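Presented below is the structure to which this report refers.
Every number in this text was worked out from the coordinates using simple rules, so none of it is lab data. Here the structure is a predicted model, which is why all the values come from computation and not from measurement. Backbone-built Cβ (ideal geometry, glycine too); neighbour counts: all protein chains shown.
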Amino acid sequence: MDAAEYKVRLDIFEGPLDLLLYLIKKDEVDIHNISITRITAQYLEYIDTFRMLNIDLAAEFVLMAANLMYLKSRTLLPRADQPPEEDAEEDDPRWELIRQLIEYKKFKDAAGFLSLKEVEQEGAFAFTPEKPELPEEPVSLAEVSIFDLIRAFQNVLKRFEESHDLGDIVDDRYTVADKIEMLLYRFVPGQAAKFDSLFETATTKAEVIVTFLAVLELMKMNQFVIRQAFLLGEIEIERRLHTAPAHVDEGEEELEESPA
């Protein structure tokens, strides 16, 4: 089973508006001042990465890509074809998208606030027992954005392409199953390492891709967790202390997600 045959199926994907909000936050710009040209280029780069990794994309991701390209084409119209000054704000092609993002962010923030209150309520008791000392649990994959992982992978791939001659013969000796086995052997339970260090010994672009696919699969198998100290910060990979035995079937075309 090589990278071309391996199809990633992740239920942790958020929607296209989540990706746009992530890109806006990453660039530290106000929603009202987004550049359609820049955000479209960044969005399409993520879509290309998803496709390169053979990640299943919901139709709304492709629809948003088409919408962004349409909006970009409108912003490139000659000045003579632009609406009159008094109607410019209302006819600005960005505004409908901006309204969607603002509305979506309101609901997302409200949902986050209610979830936090629910957690606080669960911890409220008439009698407060002595708090036991429990080991700190690393941030799970669902709490660290998949977009952060893809961004980290993109950075690794760009650095690799800059420092290697991609005209060399491609070495396809590694499969996803091979890399899963190697990572499980490398990490003892509880051991952690920087995400970038997983690719230090890679000699081909194909090996970089296969290694990343193996990391995703190990997270789905509940073998590895990721942590990130702050937004857009450095990502660390850690093998869980207590996990169910990992099983990889080389004969399967797709690795189905383990039950939660």
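Of the peptides 206-214, 97-105, how do they stack up when ordered by the mean number of other Cβ atoms within 10 Å, highest first?
Highest to lowest by the protection proxy: 206-214, 97-105.
Would you report the distance distribution of C-alpha pairs in region 142-242 as whole percents per 10 angstrom bin, up to the bin with the largest distance?
Percent of pairs per bin, in order: 14, 48, 31, 6, 0.
Considering only the other residues whose Cβ falls under 12 Å of the Cβ of GLU200, what net charge follows from Lys and Arg at +1 and Asp and Glu at -1?
Result for the local shell: +1.
What is the gain in length, in nm to one decimal, between GLU234 and GLU162 on full extension, counting 0.36 nm per residue of separation less the C-alpha to C-alpha distance?
Working it through step by step, the gained length comes to 23.9 nm.
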